[in-house]
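Step one of this worksheet: look at the structure below.
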Amino acid sequence: MDRKVRVRFAPSPTGPLHIGGVRTALYNYFFAKQNGGDMILRIEDTDQTRFVPGAEEYIIEALTWLGIKFDEGVGIGGNYGPYRQSERKPMYKQYADQLIATGWAYYAFDKPEELDAKRKEFEAQKKTFQYDCNTRKEMCNSLTLPVDEVRRRIESGEPYVVRFKFPTDTEIHVHDLIRGEVKMNSNLLDDKVLFKSDGMPTYHLANIVDDHTMEVSHVIRGEEWLPSAPLHVMLYKAFGWEDTMPQFAHLPLLLKPDGNGKLSKRDGDRLGFPVFPLEWHDPKTGEVSSGYREKGYFPEAVVNILAFLGWNPGVEQEIFSIDELVQLFSLDRISKSGAKFDVEKAKWFNHKYLQAKPNEEITLLFEKDLAQRGVSAAHDYVFAVVELMKERVSFVSELWEQTHYFFQAPTEYDPAVIKKRWKEDTPAHLTKIKEIIQNTPFEKQLMHDAVMEYIQSNELNMGQIMNSFRLTLVGAAKGPDLFELITMLGKEETLARMQKGIETIKTI
Ligand code: GLU
């Protein structure tokens with residue numbers, strides 16, 4: 001019988017969610033929805049020393065903003081809860097005990113300073129210490145100590161950890177849906193800590209127990225977890241859960257834009273783009289890291305950007321809604337090599353989404369920006385400005401820079417334009433053109449024709465006149481078609497700006 005697809009996104013609340021993590025959540029979501037499965041949100045907070053206040057709330061807010069919906073989990077509930085590992089604490093010990101009883105794990109009493117001494121001893125020989133099938137024989141554990149001594153230590157409350165006991169000389173196979181067969185010799189693997197005497201499991205134990213008890217069918221996660229996969233596969237074997245072991249898919253890393261190494265938390269603000277979905281205020285250091293939301297990205301664009309970082313549908317079209325991505329997604333088309341983050345491409349996606357949005361929606365967003373700047377204008381006017389100018393921007397926040405002169409007369413004039421265009425006879429010609437505007441019906445084409453007629457019949461330099469004219473209205477050599485702008489500004493404002501320019505701009 002085919003198993004019901006159940007996937008989980010299992011972040012640790014150790015800080016804000018990196019976009020690599022968001023992409024993992026997204027791919028899990030695509031996969032679950034495409035297969036009519038369940039998507040679980042599990043919070044992996046067994047390492048209390050790394051707990052960061054606000055991180056869990058941040059993760060939930062970010063995923064909600066992006067439209068990644070969960071069927072079960074923290075904040076939602078479900079039949080397999082609780083979904084926060086710290087609340088599942090009492091259930092893990094029995095599993096550690098089971099592995100001890102079956103010989104798949106052992107107690108280790110080595111003190112931190114003893115482990116340190118070992119590490120130093122190995123370093124002195126230019127080797128790296130690893131607690132494994134070769135070294136465990138020389139350490140202080142239930143494999144080397146007499147049985148009653150082990151019992152005495154535990155009963156007297158001596159701190160211990162439970163370590164997994166890798167078998168020797170065994171080839172461990174991990175079948176990965178993206179990378180195929182990955183093999184690892186057990187002799188090279190570290191006897192990882194599974195459980196600590198404070199009653200807390202480590203990530204490895206809790207993760208396997210939870211995936212099993214929550215009936216997870218597929219583990220889709222970042223490639224950084226591939227080295228842990230042999231241990232995980234062995235844990236399923238040790239527990240006798242091989243038959244229902246989830247299938248693994250390890251996603252390629254997100255790389256820096258130049259492809260040199262993993263995209264790190266610090267790269268974003270250093271290279272001018274966010275690596276976090278939402279702005280993050282570090283509660284300890286007060287440091288602020290930028291977020292896609294606050295930078296003005298639309299959530300649909302971020303979903304689209306991330307979907308294409310490590311996967312593509314193999315067709316030319318690049319703009320897809322989240323529901324379309326659910327239909328198209330396939331694990332087969334995930335690349336094995338790392339995906340380079342491309343800032344320009346990210347902006348391009350946002351540009352496309354902005355263009356496709358109804359002008360009314362952009363107008364409402366722009367009005368908020370205007371209000372913050374203390375600029376007020378009629379809704380229809382802002383709408384018309386948006387309609388005319390939105391093509392030039394990728395973010396609503398860029399609109400002001402492109403359109404301020406629709407709302408405020410220039411107070412300064414670009415000296416480079418003055419130098420190039422403003423000649424001794426410019427004020428005289430603009431005065432004439434001003435009269436023409438005054439006396440022509442206020443209609444775009446008619447004004448255009450009348451001004452052109454003046455320029456041509458006087459054999460004037462078109463670029464010079466038109467750019468000087470524009471300078472009086474905009475203060476710079478930018479903006480939409482001049483007659484379009486005039487119609488927007490209205491007759492009175494146009495004439496007033498021309499007059500002011502004629503009076504104040506001096507040749508340089
Ligand atoms: N808690 C792990 C993380 O933060 C989850 C890894 C996994 O999905 O197994 O990435």
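Values in this text are rule-based calculations from the coordinates and carry no lab data. Values in this document were obtained by computation on a predicted structure and should not be read as measured data.
Quick notes
- Equivalent ellipsoid of the range 164-215: semi-axes from √(5λ) of the C-alpha gyration tensor, largest first, are 23, 18, 8 Å.
- For the range 23-159, the Stokes-Einstein estimate of translational diffusion at 20 °C and a viscosity of 1.002 mPa s comes to 112 µm²/s, using the Kirkwood hydrodynamic radius over alpha-carbon pairs.
- The Cα center of the range 162-179 and the Cα center of the range 308-360 differ in position by 35 Å.
- Taking 1.002 mPa s as the viscosity and 20 °C as the temperature, the Stokes-Einstein diffusion coefficient of the chain based on its alpha-carbon Kirkwood radius rounds to 77 µm²/s.
- Shape call, the range 216-337: gyration tensor on alpha carbons, a/c limit 1.5: oblate
- Helix 462-474 vs. the chain, principal-axis angle (Cα, 0 to 90°, nearest 10): 70 degrees
- What the phi angles of the range 77-84 give under the Karplus curve with 6.51, -1.76 and 1.60, with θ = phi - 60°, is a coupling list of x, x, 7, 10, x, x, 10, 9 Hz, glycine and proline written as x.
- Every helix of 4 or more DSSP H residues in the chain counts as -39500 (n - 2.57), and over all residues that averages to -13000 deg cm²/dmol at 222 nm.
- C-alpha long axis of helix 426-439 to longest principal axis of the chain, angle in °: 80 degrees
- Taking N as its residue count, the alpha carbon Rg of the range 230-299 over 2.2 N^0.38 Å: 1.69
- Convex hull volume per residue, computed on the Cα atoms of the range 356-508, equals 116 Å³.
- Extension gain for N185 to K126 (0.36 nm times residue separation, less C-alpha to C-alpha distance): 19.0 nm.
- Cα-based helix-to-principal-axis angle, 112-124 vs the chain, degrees rounded to 10: 80 degrees
- Applying the Kirkwood pairwise sum to the alpha-carbon positions of the range 41-108 produces a hydrodynamic radius of 14.2 angstrom.
- Hz values of 3J(HN,Hα) by residue in the range 330-341 - Karplus curve (6.51, -1.76, 1.60), Gly and Pro given as x: 8, 4, 4, 9, 7, 7, 7, 8, x, 9, 7, 6
- Our note on the geometry: Cα centres of the range 209-288 and the range 53-84, 17 Å apart.
- Structure note, pairs K347/K478; K347/K390; K127/K237; K423/K500: Cα-Cα distances above 20 angstrom occur for K347/K478; K127/K237.
- For the range 115-235, the equivalent ellipsoid derived from the alpha-carbon gyration tensor has semi-axes of 28, 21, 13 Å in decreasing order.
- Of the beta bridges in the chain, as assigned by DSSP with both residues counted there, near 55 percent are antiparallel.
- Whole-number Å³ per residue for the convex hull built on Cα positions in the range 92-138: 88 Å³
- Relative contact order, whole percent, for the chain stands at 12, derived from Cα pairs under 8 Å and 6 or more residues apart.
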